[in-house]
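The values are calculated or read from the model by the stated rules, or taken from the named source; none is laboratory data. If you're wondering where the values come from, they're calculated on a predicted model, not measured in any experiment. No Cβ is skipped: glycine too gets one built from the backbone with ideal geometry, and neighbour counts run over all protein chains shown.
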Amino acid sequence: METIYALSTAQGKAGVAVIRVSGPRAFAACAVLAGDVPEPRKASLRVLKALDGLQLDEALVLTFAKDRSFTGEETVEFQVHGSTAVVASVLDVLSGLDDLRPADPGEFTRRALENGRMDLAQVEGLADLIEAETEAQRRQALRVLSGDLGARADSWRQKLIRAAALLEATIDFADEEVPVDVSPEVTELATSVIDDLRQEIQRVGTAERIRSGFEVAIVGAPNVGKSTLLNALAGRDAAITSEYAGTTRDVIEVRMDLAGLPVTLLDTAGLRETDDAVETIGIDRARKRAVLADLRVFLVEGGAAPDLTPEADDLVLQAKADLVENPENGISGKTGAGVSQLINRITEILSKRAANAGLATRARHKQAMERGVAALDNALTLIPMGEDSADIAAEELRSAIRALDSLVGRIDIENVLDEIFASFCLGK
């Protein structure tokens, strides 16, 4: 492979900037700039010099042998002072060395994948960790990055390999008397895996929501106080409020962090019958977003019924509690009455859901597991039919194994690599 280099820290002025070099010529590049190659994994202070001997900076130099580095290749990190001039001068020297080139976005991580230092699920976990904005996102990304999903997939794979081997032994000895009926053990192994896969599939939706954010829609009739409540929850004037009904024409979104969970609050157009074409479009969008939201907060006045049928966990609150004497389940965005209780209730509901999140976090993971379930369903149908169907059942088990291999990137990954690495920053 070519030797690549890039600035791994953010662009702009900083106290320290890290420039990473990886590949077969990394140590040679280090010797050119630093005068020698420090002992691996021991940070050493060195004066970096250009090819003409001009001093560039005084930096900490850290080297990694290829079997102990992130990429699986010889790697050098130059920890220089974080001025744009210093960074530019070091990168300029690297660009002039033979067989070195600037790295593409995500190329260091891609090499870690290609060199067996990470599986594809871990790469996705790293991408999620880089993008994490809340504590729940960080924890979930670290679980995937640590290899938990890969370990689980490997456990399933080993069970299916055992089951397929038992069936194939039956095929190999078809003309002889097989001393033991293997179908009970094969069935047990396949059933164990399919049960686990189905449970994990059911939990993908929640894991995806932790990645992308839960949506909570504020729903109600026009001028019931939805925008005022949104502003109170957001702590700023995110939505326009007025005494005129129909002010909100489109869905307004506010991103919040509730107890580490990413939550997007939706202020929707007031639900009513209207001849206004623009307002009608807004109401239609409001209904669709409310239906798709993870949770709905209905604001009602005077004991009126919500315009949409509340689902489990949805909250129905008495709007404009400041104008009602002793309101039950009352809330007022204007005075703040009930707002803290609402935040606590939303947090409690979504936290319970988040506790059920699985290891699989992406649609790709779900699709791979669904292919595995379909193949195992076929195998479990064929196994009781005996020797005549053993070869087909074994092939279905192998199909399930291939599905699990694609889950962690052992096979069939080229079509997803470009999409995944497009989200990585330069230097990672």
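Before moving on, here are some points about what is shown:
- Just so you know, in the stretch 337-366 the residues that are outside any loop (DSSP other than H, G, I, E, B) and among the β-branched types (Val, Ile, Thr) include one that is nearest to Asn231 (Cα to Cα), and it is Val339.
- Residue in the stretch 42-94 that is nearest to Ser8 (Cα to Cα), counting only those that are among the polar types (S, T, N, Q) and in contact with a Pro (Cβ under 8 Å, 6 or more places away or on another chain): Thr63
- Criterion violated by Gly116 - all others in (1) under 23 Å from the mean Cα position of the chain (by Cα); (2) touching a residue at least 60 places away in the same chain (Cβ under 8 Å) satisfied: (2)
- Qualifying residue in the stretch 61-83 (condition: in contact with a His (Cβ under 9 Å, 6 or more places away or on another chain) and touching a residue at least 24 places away in the same chain (Cβ under 8 Å)): no
- Members of the stretch 38-87 that are charged (D, E, K, R) and either buried (at least 16 other Cβ atoms within 10 Å of the Cβ) or within 16 Å of Ala6 (Cα to Cα) (or both): Arg46, Lys49, Asp57, Lys66, Glu73, Glu74, Glu77
- Highlighted here are the helices (runs of 4 or more DSSP H) found entirely within the stretch 90-177 that include at least 1 residues which are outside the structural domain of Ala190 (by TED's automatic domain parsing): 107-114, 120-131.
- Within the stretch 1-31, if we keep just the residues that are aliphatic (A, V, I, L, M) and surrounded by fewer than 18 Cβ atoms within 10 Å (Cβ to Cβ), the residue that is nearest to Glu58 (Cα to Cα) turns out to be Val16.
Yes/no per residue for (1) in contact with a Lys or Arg (Cβ under 9 Å, 6 or more places away or on another chain); (2) closer than 17 Å to Phe214 by Cα; (3) at pLDDT below 85; (4) not in a strand (DSSP E or B):
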{"residue": "Thr248", "(1), (2), (3), (4)": "yes, no, yes, yes"}
{"residue": "Arg255", "(1), (2), (3), (4)": "no, yes, no, no"}
{"residue": "Val263", "(1), (2), (3), (4)": "yes, yes, no, no"}
{"residue": "Gly270", "(1), (2), (3), (4)": "yes, no, yes, yes"}
{"residue": "Asp275", "(1), (2), (3), (4)": "no, no, yes, yes"}
{"residue": "Ile281", "(1), (2), (3), (4)": "yes, no, yes, yes"}
{"residue": "Asp284", "(1), (2), (3), (4)": "no, no, yes, yes"}
{"residue": "Lys288", "(1), (2), (3), (4)": "no, yes, yes, yes"}
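- Within the option set Arg111, Arg139, being within 17 Å of the chain's Cα centre (by Cα), modelled with pLDDT of 90 or more and closer than 30 Å to Arg362 by Cα holds for one residue only, Arg139.
- Breaking point among (1) over 30 Å from Leu233 (Cα atoms); (2) modelled with pLDDT under 90, for Asn356: (1)
- Among the residues of the stretch 189-201, those identified as surrounded by fewer than 20 Cβ atoms within 10 Å (Cβ to Cβ) and touching a residue at least 40 places away in the same chain (Cβ under 8 Å) are Thr191, Asp196, Arg198, Gln199, Ile201.
- For Gln79, the test of being modelled with pLDDT of 90 or more and assigned to a strand (DSSP E or B) is passed.
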